[in-house]
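The values are calculated or read from the model by the stated rules, or taken from the named source; none is laboratory data. Please read these numbers as outputs of a predicted model, since none were measured by experiment. Note: ideal-geometry Cβ built from the backbone for every residue, glycine included; neighbour counts use all protein chains shown. Ligands, DNA and RNA are stripped out before the accessible areas are found, and what is left, the full protein with its side chains, is counted by its heavy atoms. Shrake-Rupley method; radii C 1.70, N 1.55, O 1.52, S 1.80 Å.
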Amino acid sequence: MSRETNRLLGHAEENDGIEEYDNALPDWWLGLFIFTIIWGIGYAVEYHFVSGRSQAGYYEAEMVAAAEKWPESKPQALAFDDATVAAGKEIFGQQCASCHGAALTGGIGPNLVDATWIHGGEPEQIRATITNGVPEKGMPTWGPILGPDKIAKVAAYVVTEAKKGGSAAPVDGQVAATGGTEEPMTGEAIFKQNCVACHGENMQGLVGPSLVDAEWIHGGTLEDITHTITNGVPEKGMVSWGPILGEEKIGIVAKYVFDQNQAATAQN
Amino acid sequence: MSSAVATAPGGTSDRPYDDAIVKKFILATMLWAVVGMTVGVWIALELAWWPANMGIPYFTFGRLRPLHTNAVIFAFGGNIVFTSMYYSMQRLLKVRMWSDFLSSFHFWGWQGIIVAAAVTLPLGLTQSKEYAELIWPIDLAIAVVFLAGALNFAMTIANRKVKHLYVAIWFYMSFLITIPVLHVFNSLAIPATLTRSYPVYSGMTDALVQWWYGHNAVGFFLTTPFLGMMYYYLPRASGRPVFSYRLSIVHFWALVFLYIWAGPHHLLYSALPDWAQTLGMVFSIMLIAPSWGGMLNGLLTLRGAWDRVRTDPILKFMVVAVSFYGMSTFEGPMMSIRAVSALSHYTNWVIGHVHSGALGWVGMISFAILYWLTPRVWNRKLYSESLATTHFWLATIGIVIYTVTMWGAGLTEGLMWRAVDDGGQLAYPVFMDIVNRLSPFYWLRFLGGLMYLTGALMMAFNLIRTITGTEPHAQPEAVPAK
């Protein structure tokens with residue numbers, strides 16, 4: 001900054017009293033400006049004319065690298081060894097049980113251990129249904145979410161249980177976890193763990209009906225609600241929670257639903 | 001202001017400067033600042049805790065977000081720019097505004113547009129172009145009102161009593177010329193009904209025109225007029241000569257020439273041709289020095305006045321404003337680099353970047369000008385200097401919380417979106433898992449925004465008490481160094 005003169009230009013009279021110094025451009029500022037211009041031109045020339053880069057090129061290179069790192073193996077034949085089936089059971093508990101039931105007997109989604117297969121009962125057909133989903137009916141496309149490896153495991157589990165024909169012990173995982181030692185015993189916790197997927201986080205209704213409006217399809221007394229939860233409404237997709245939750249928890253969650261409904265309808 | 005003969009505004013005796021229009025714009029600025037920032041804090045809360053939308057469709061995030069952006073940019077930002085221009089241009093040109101009718105038409109027209117926006121956006125009437133959401137009849141009104149104001153400014157410049165045009169005027173002129181061009185060409189549409197229209201551009205062309213507009217709304221609405229304001233009010237408030245006349249002219253021309261090309265950096269990794277993406281990126285990099293020219297000239301002008309920065313809240317606001325200008329005009333070019341954009345694009349990092357510019361630069365310089373101007377045009381002593389200092393600290397800490405939080409949120413989601421596991425599958429395939437992870441950041445951002453809003457409310461209170469006070473503004477005008 002040695003070139004600073006701090007000489008006033010004498011504009012104050014015309015600038016409403018504001019004076020201006022006649023200082024030179026700071027060297028480092030000018031240097032930065034020139035550097036970015038040269039860099040900009042250099043980058044553009046290098047990108048387009050020297051290396052011939054492009055975003056399509058990057059995409060292709062990334063796809064090739066991915067194919068090398070994760071070769072698209074021909075789908076492995078389904079394995080039905082105990083370890084695979086056990087791993088599949090765990091995945092089923094986390095991802096599938098909320099709709100197909102902890103015992104695979106159906107709920108929102110169809111029963112997987114009866115004699116009927118809507119989209120084909122051969123192992124490969126089951127694997128395809130899981131991978132591609134049935135979006136129009138609400139079955140997600142699990143391919144990109146779970147990946148082929150996990151899908152093979154869960155398919156193996158479903159096939160194994162289907163062969164047994166309905167004697168499946170409830171899976172571990174989300175639903176069955178309610179029977180574990182760290183069981184939630186407040187109505188809110190039980191509701192969150194089992195009911196929100198269909199009735200919504202605030203009971204406003206999603207797949208299942210709203211529980212906080214004034215309308216009760218199957219009766220709105222505490223007894224009615226307890227009854228509906230216990231026996232379910234299988235034809236509409238409401239699970240029979242009796243064997244899953246047990247009497248005590250159903251009592252707690254029914255009371256919770258009843259109270260929440262009272263509070264919500266009282267407000268309106 | 002009949003009581004203030006001693007401080008009658010300058011100008012010739014038959015045509016004194018019009019400060020009544022300045023007062024109107026100051027009041028409008030304060031009103032829309034509070035409204036726009038309140039809506040901002042509200043939608044920040046909605047992101048952390050959705051029941052804040054009260055289950056009412058008009059209050060949902062998608063409708064209030066454009067209301068927030070339009071209110072803070074065009075209502076708060078626009079009104080403070082016009083406030084500053086009406087005051088400083090008359091004094092720099094030594095002549096009263098050319099037409100009182102146009103001044104008044106400009107003021108009421110602009111407020112009418114804002115009210116129309118505040119009604120239509122919550123109703124869901126929108127063209128869905130960011131920062132250009134307003135429906136075509138309002139777009140038409142913007143063009144008419146803005147050009148009426150621009151004509152008034154242009155004729156005032158033509159009738160000026162000085163030969164030399166101060167650099168602030170150059171910056172104001174770039175705003176007056178570029179904004180109508182951007183607004184008109186981006187809004188070209190064929191009306192179908194009173195509330196609906198179809199853009200004349202389609203597909204990628206539409207996107208490119210939109211971001212040519214969108215980026216230059218930042219460049220020529222939130223940058224050049226505010227630099228003009230800095231060039232007038234910072235030397236006036238500090239009483240120091242501008243560091244370098246040459247720097248001010250060189251960085252002005254460099255800035256306006258380069259800014260207009262940088263828009264395509266909003267469309268990196270899109271269907272936009274590679275060469276156009278490169279153009280947007282390199283012009284953004286070349287913008288660093290021209291932007292920093294403004295910061296340098298601001299900070300170096302304060303040499304010799306740093307002792308006063310410790311005590312004077314107005315100078316405090318200005319120093320932080322200019323520093324944030326320098327910070328965000330470095331961050332912006334970095335984010336326009338292809339590799340950085342690949343991580344930052346579509347994340348909250350972008351929101352943080354915008355707000356470090358908007359809260360840090362635009363907001364803080366605006367507050368400084370309001371604190372400096374209000375006592376002068378009303379000739380009333382500032383009600384509380386310590387309240388202004390408290391505002392300064394609340395705002396500064398609020399911005400830091402906001403910006404840092406959004407960096408954290410942006411990096412978190414950007415890295416989670418792209419993460420893959422050992423098998424080449426997405427590590428976080430369920431989008432909601434990532435959204436849930438952002439919750440603490442959203443709460444902190446709400447806190448930062450709330451602090452900033454609280455400061456703005458303090459300012460509104462402070463300035464209203466100033467206007468309604470009785471003690472005249474007696475502070476001697478700072479004399480420039482000889």
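Ordered by packing density, taken as the mean number of other Cβ atoms within 10 Å over each peptide's residues, highest first, how do A:218-226, A:89-97 rank?
Details: A:218-226: 14.9, A:89-97: 21.8.
Per-residue Cβ counts within 10 Å, averaged per peptide and sorted highest first, yield A:89-97, A:218-226.
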With Cα coordinates, the longest principal axis of chain B makes an angle with the long axis of helix B:136-158, in degrees rounded to 10, of 30
So for R0 = 60 Å, FRET eff. of B:ILE177-B:VAL420 from the Cβ-Cβ r, to 0.05, ends up at 0.75
Within the under-14-Å Cβ sphere about B:MET458, not counting B:MET458, Lys/Arg +1 and Asp/Glu -1 give a net charge of 0
Projecting the Cα atoms of B:SER88, B:MET229, B:THR29 onto the charge dipole of chain B, where Lys and Arg contribute +1 and Asp and Glu -1 at Cβ, the residue farthest towards the positive end is B:SER88
With all protein chains in place and a 1.4 Å probe, A:GLU62 shows an accessible area in Å² (nearest 10) of 130
Within 10 Å of the Cβ of an average residue in A:29-38, the count of other chain Cβ atoms is 5
Segment A:246-266 scanned against label point 7 Å out from A:GLU188 along Cα→C-beta; backbone N under 18 Å for A:252-265
Per the 1/(1 + (r/R0)^6) rule, R0 = 41 Å and r from the Cβ atoms of B:THR389 and B:LEU411, FRET efficiency to 0.05 is 0.75
Result: in chain B the number of Lys pairs with C-alpha under 29 Å apart, spaced 8 or more or on different chains, is 18
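At 1.4 Å probe radius, can you tell me the per residue accessible area of chain A in Å²? Before the final figure, lay out each step's value.
Values: 15210 Å² over 268 residues.
That works out to 57 Å² for each residue.
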Cβ-Cβ cut-off under 11 Å around B:GLN90, Lys and Arg +1, Asp and Glu -1: the net charge is +3
Taking B:52-58, B:13-19, B:184-190 and ranking on average Cβ neighbours within 10 Å, highest first, one gets B:184-190, B:13-19, B:52-58
Dividing the mean separation of Cα pairs under 8 Å (6+ apart) by the residue count of chain B yields a relative contact order in percent of 15
With +1 on the Cβ of every Lys and Arg and -1 on the Cβ of every Asp and Glu, the dipole magnitude of the protein assembly as shown about its Cα centre, in debye rounded to the nearest 20, is 3040
The long-range amide H neighbours of B:ALA427, using H built 1.01 Å from N in the peptide plane and a cut-off of under 5 Å, are B:ALA419, B:VAL420, B:ASP421
Computed ³J(HN,Hα) along segment B:363-371: with the Karplus parameters 6.51/-1.76/1.60, θ = phi - 60°, integer Hz and x for glycine or proline, the list is x, 5, 5, 5, 4, 4, 5, 4, 5
Amide H contacts under 5 Å for B:ALA189, restricted to residues at least 5 apart in sequence or on another chain and with H modeled in the peptide plane, are B:VAL200
Place a point 7 Å from the Cα of B:LEU457 in the direction of its beta carbon; the residues of segment B:33-71 whose amide N falls under 14 Å from it are B:34-42
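For peptide B:241-251, how many partner chain Cβ atoms fall within 10 Å of a residue's Cβ, on average? Walk me through the intermediate numbers first.
Values: counts 12, 9, 6, 11, 8, 7, 8, 1, 0, 4, 3.
For this peptide, the per-residue mean of nearby foreign Cβ atoms is 6.
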Residues whose built amide H sits under 5 Å from the amide H of B:SER197, excluding neighbours closer than 5 in sequence, are B:ALA192
Loop-resident chymotrypsin sites (Phe, Trp or Tyr not before Pro) in segment A:33-90 with no more than 16 other Cβ atoms inside 10 Å, DSSP not H/G/I/E/B, are A:PHE80
Reported to the nearest 10 Å², A:HIS48 has, with a 1.4 Å probe, an accessible area equal to 50
Hits in segment A:121-165: amide N under 17 Å from the 7 Å Cα→Cβ extension of B:MET432, namely A:138-142, A:145-146
Rounded to whole angstrom, the alpha-carbon centroid of segment B:108-161 lies from that of segment B:181-239 at a distance of 11
Farthest towards the positive end of the dipole of the protein assembly as shown, among A:TRP39, A:GLY251, A:PRO135 and with Cβ unit charges of +1 on Lys and Arg and -1 on Asp and Glu, lies the Cα of A:TRP39
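Below 8 Å between Cα atoms, with a sequence gap of 6+, how large is the relative contact order for chain A in percent? Write down the numbers at each step before the final one.
Working: 307 pairs, mean separation 38.2, N = 268.
Once divided by the residue count of chain A, the mean separation gives 14 percent.
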Label model pair B:LYS161, B:VAL350: point-to-point distance (7 angstrom along the Cα→beta-carbon line) in nm is 5.0
Per the 1/(1 + (r/R0)^6) rule, R0 = 30 Å and r from the Cβ atoms of A:TRP70 and A:VAL196, FRET efficiency to 0.05 is 0.30
